[in-house]
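As structure tokens, the structure follows; a few thoughts come after it.
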Amino acid sequence: EKIFIVDESGQLLSGDEALAYMSSIHMQAHPLSQLGFPVSASKVLENLAAQCQCQITRLRTHPRYLMEAAKLRPGLFVGEQTGGYIFPDLLPVFDGMLSVLKLLEGMAHSGTSIRSAIDHMPHSNIEHKRIPCTWDQKGRVMRGLIELTHDGAVELVDGIRIHYNDGAVLVLPDADQPFFYIQAEASAPDQATALVERYAEKVLQLRESH
């Protein structure tokens, strides 16, 4: 169902690099097309989409919702950061074999190496943190975060995603385990670190509030 990409030097592409690369292949072959990504995917994808006049829809992170979106919206390319890609010209399921074929096709058309293509893409810094939180505290934390951020640019597709000029923060309650997943993205590493620490502190404060 999934593929993992290694460049010509033997370096494994990160999940966001692979998603950006595979999405770029699809966008260049299908300008003006529509693509769907989980809310946790990098904002770099918006920059790539603008170059090809493609449209991006943010989706819930669980694979079931990604496949449902592909089924309900024919023509939608769907990708996520753990090597899963759904192509609109086949069934709305993750397909590793077709992904390999699309990868080879894209490389043949571009005539450039994988690493060269990655190096010429926009770059963003992403930091992650995981905060333990009991099930009965999760609702209180989410309500508190929504109240704290209601004046800003916020998405509530899955968890809460707060947009900034050069980045974003995603605070996502895990569906199966008692913790919050925090992801911060910014143009500079120190900004991403500061953002993830700021929201980790907010989650901790809300978790302990009564």
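Restricting to the range 95-124, name every residue that is in contact with a strand residue (DSSP E or B) (Cβ under 6 Å, 6 or more places away or on another chain) and under 25 Å from G167 (Cβ atoms).
Here is the first cut: in the range 95-124, the residues in contact with a strand residue (DSSP E or B) (Cβ under 6 Å, 6 or more places away or on another chain) are 96, 99, 124.
The one that is in contact with a strand residue (DSSP E or B) (Cβ under 6 Å, 6 or more places away or on another chain) and under 25 Å from G167 (Cβ atoms): S124.
Has the range 117-129 got at least one residue that is crowded, with 19+ Cβ neighbours inside 10 Å, in a helix (DSSP H, G or I) and either hydrophobic (A, V, I, L, M, F, W, C) or modelled with pLDDT of 95 or more (or both)?
yes
Could you tell me how many of the residues in the range 94-103 are surrounded by fewer than 16 Cβ atoms within 10 Å (Cβ to Cβ) and under 16 Å from L66 (Cα atoms)?
At the first step, the residues of the range 94-103 found to be surrounded by fewer than 16 Cβ atoms within 10 Å (Cβ to Cβ) are 96-97, 100-101.
Subsequent filtering for residues that are under 16 Å from L66 (Cα atoms) retains 96.
Result for the range 94-103: 1.
How many of the residues in the range 180-210 are over 19 Å from the mean Cα position of the chain (by Cα) and open to solvent by less than 70 Å² (accessible area, probe 1.4 Å)? Walk me through how you get there before you give the answer.
Going residue by residue through the range 180-210, those that are over 19 Å from the mean Cα position of the chain (by Cα) are 190, 194, 197-198, 200-210.
Adding the requirement that they be open to solvent by less than 70 Å² (accessible area, probe 1.4 Å) leaves 194, 200, 202-204, 206-207, 209.
Adding up the residues that qualify gives 8.
Just the residues that are open to solvent by 70 Å² or more (accessible area, probe 1.4 Å) and either among the aromatic types (F, W, Y) or at pLDDT 95 or above (or both), please, taken from the range 130-142. Break it down stepwise before answering.
Quick first cut of the range 130-142, residues open to solvent by 70 Å² or more (accessible area, probe 1.4 Å) only: 130, 132, 135-136.
R130, P132, W135 - these are the residues of the range 130-142 that are open to solvent by 70 Å² or more (accessible area, probe 1.4 Å) and either among the aromatic types (F, W, Y) or at pLDDT 95 or above (or both).
Exactly one condition in (1) of a type outside the set (D, E, K, R); (2) closer than 17 Å to E80 by Cβ; (3) at pLDDT below 95 is not met by L19; state its number.
Only one criterion in (1) of a type outside the set (D, E, K, R); (2) closer than 17 Å to E80 by Cβ; (3) at pLDDT below 95 is unmet by L19, namely (3).
Give the residues of the range 74-94 that are of a type outside the set (V, I, T) and either part of a helix (DSSP H, G or I) or touching a strand residue (DSSP E or B) at 6+ places or on another chain (Cβ under 7 Å) (or both), sorted by residue number.
Taking the range 74-94 as the starting set, the residues that turn out to be of a type outside the set (V, I, T) are 74-77, 79-81, 83-85, 87-92, 94.
G75, L76, F77, G79, E80, G83, G84, Y85, F87, P88, P92, F94, listed by residue number.
Report, by residue number, each residue of the range 21-69 that is buried (at least 22 other Cβ atoms within 10 Å of the Cβ), assigned to a helix (DSSP H, G or I), in contact with a strand residue (DSSP E or B) (Cβ under 9 Å, 6 or more places away or on another chain) and among the small types (G, A, S).
Hit for the range 21-69 is S23, nothing else.
The values are calculated or read from the model by the stated rules, or taken from the named source; none is laboratory data. Fair warning: this is a prediction, and the values are worked out from it, not measured in the lab. Neighbour counts run over all protein chains shown; Cβ positions are idealised from the backbone, glycine included. Each accessible area value is taken on the protein alone, full model and side chains, heavy atoms only, with ligands, DNA and RNA left out. Shrake-Rupley method; radii C 1.70, N 1.55, O 1.52, S 1.80 Å.
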